[in-house]
Amino acid sequence: MLPPPTVDYPGWKEWSGRSLEADHRHRDRWLLEQAMSTLAQRERWPGHCALCDRGVEFSLAARDGEADFREEMCCPGCGLNARVRAGLHLLLAGLPEGGRVYITEQASRPFVWLQSRGVAVIGSEFTTDPERIAELGKMLNGPLGGHGEIRFEDVTRLGMEDASLDAVASFDVLEHVPDYRAALAEFARVLKPGGRLVLTAPFIAAHEATLVRARIDGDGIDHLLEPEYHGDPVAGGILCFFHFGWDLLDEARAAGFTDARMVLPWAPGLGYCGALWTLVATR
Ligand SMILES: [Zn+2]
């Protein structure tokens with residue numbers, strides 16, 4: 001699989017000091033997205049799903065005249081939204097034949113999609129509650145169409161051996177991990193040299209520094225901003241601790257990655273538009 005077209009930035013300096021030409025390109029993309037938002041009244045965007053490798057009509061409902069290019073653009077074939085399709089596309093394009101992958105979710109469409117593609121994939125969930133594990137197991141082996149037992153992992157203390165994996169994928173999980181630096185260090189530890197981390201999380205390109213929304217304070221949680229909860233099909237809302245800024249790249253390098261960049265996949269024909277910022281870091 002060829003990698004998706006992307007615009008890459010290694011850091012805040014390059015992003016904030018981008019050229020006038022880059023700014024024009026940025027504006028042109030934005031103008032096209034505005035036009036697409038208008039078209040979205042029709043609620044469909046014809047394109048090609050790179051994961052399904054066929055022509056499809058992506059869902060593109062607009063709310064208040066703005067299309068949500070990140071959580072929408074769902075493919076009717078794989079059932080995945082733009083954020084996850086672009087993430088898996090980046091992941092697979094750099095995966096060696098027979099490569100081993102860890103994904104920080106298991107009772108989920110991305111895990112099942114990797115499983116259905118014959119990828120040697122390990123997934124996990126962050127729960128030891130037997131009732132929840134049973135529920136998640138039923139979902140995985142039932143409606144999701146996957147197979148296997150639910151595995152527990154704490155991303156800040158992974159059970160995998162050093163340098164045992166070719167890729168780690170994490171889609172909108174890191175913002176829920178209070179000690180996200182420990183998670184990055186663990187992702188680096190379990191990856192082989194040259195292995196890659198492909199990670200999405202709320203990212204504010206206009207922010208050099210990560211916005212801390214909440215932090216652990218003794219036994220409780222100190223809310224620095226209005227609590228923000230993200231949906232979870234089983235557990236209900238999960239507290240979001242961070243909206244990341246460009247310093248996420250510095251943290252990734254400090255965690256042991258040799259190269260880290262924010263990558264912006266952009267290809268309307270593949271249903272990749274808007275701010276699909278993805279962290280791609282190489283061990
Ligand atoms: Zn698809």
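Of the residues making up region 15-60, those that are modelled with pLDDT of 90 or more, surrounded by 11 or more Cβ atoms within 10 Å (Cβ to Cβ) and of a type in the set (D, E, K, R) number 1. Consider region 70-106 and keep the residues that are β-branched (V, I, T) and under 21 Å from A163 (Cβ atoms). The one that is farthest from the ligand (Cβ to nearest atom) is T104.
When we screen A67, A50, A61, A120 for residues that are of a type in the set (G, A, S), within 12 Å of the ligand (Cβ to nearest atom) and in contact (Cβ under 8 Å) with a residue 12 or more places away in the chain, the only hit is A50.
The numbered conditions (1) farther than 18 Å from H243 by Cα; (2) touching a strand residue (DSSP E or B) at 6+ places or on another chain (Cβ under 6 Å); (3) of a type outside the set (S, T, N, Q); (4) open to solvent by 10 Å² or more (accessible area, probe 1.4 Å) are all true for L191 except (4).
Of all the numbered requirements in (1) within 16 Å of the ligand (Cβ to nearest atom); (2) surrounded by fewer than 14 Cβ atoms within 10 Å (Cβ to Cβ), E131 misses one, and that requirement is (1). Of the residues making up region 129-151, those that are touching a strand residue (DSSP E or B) at 6+ places or on another chain (Cβ under 6 Å) and part of a loop (DSSP other than H, G, I, E, B) number 1.
For region 99-128, what are the residues that are in a loop (DSSP other than H, G, I, E, B) and either open to solvent by 30 Å² or more (accessible area, probe 1.4 Å) or among the hydrophobic types (A, V, I, L, M, F, W, C) (or both)? Within region 99-128, E105, A107, R117, G118, V119, F126, T128 meet the criteria.
Residue by residue, here is whether (1) buried (at least 17 other Cβ atoms within 10 Å of the Cβ); (2) of a type in the set (G, A, S) holds:
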{"site": "G220", "(1), (2)": "no, yes"}
{"site": "L239", "(1), (2)": "no, no"}
{"site": "W246", "(1), (2)": "yes, no"}
{"site": "D250", "(1), (2)": "no, no"}
{"site": "T258", "(1), (2)": "no, no"}
{"site": "P265", "(1), (2)": "yes, no"}
{"site": "L279", "(1), (2)": "yes, no"}
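Restricting V173, V177 to those that are crowded, with 16+ Cβ neighbours inside 10 Å, under 21 Å from L95 (Cβ atoms) and either at pLDDT 95 or above or under 17 Å from the mean Cα position of the chain (by Cα) (or both) reduces the list to V173.
The values are calculated or read from the model by the stated rules, or taken from the named source; none is laboratory data. Everything numeric in this text was worked out from a predicted model, so none of it was measured. Note that we place each Cβ from the backbone using ideal geometry, even for glycine, and neighbour counts take in every protein chain shown. The accessibility values were calculated without ligands, DNA or RNA, using every heavy atom of the protein model including side chains. Shrake-Rupley method; radii C 1.70, N 1.55, O 1.52, S 1.80 Å.
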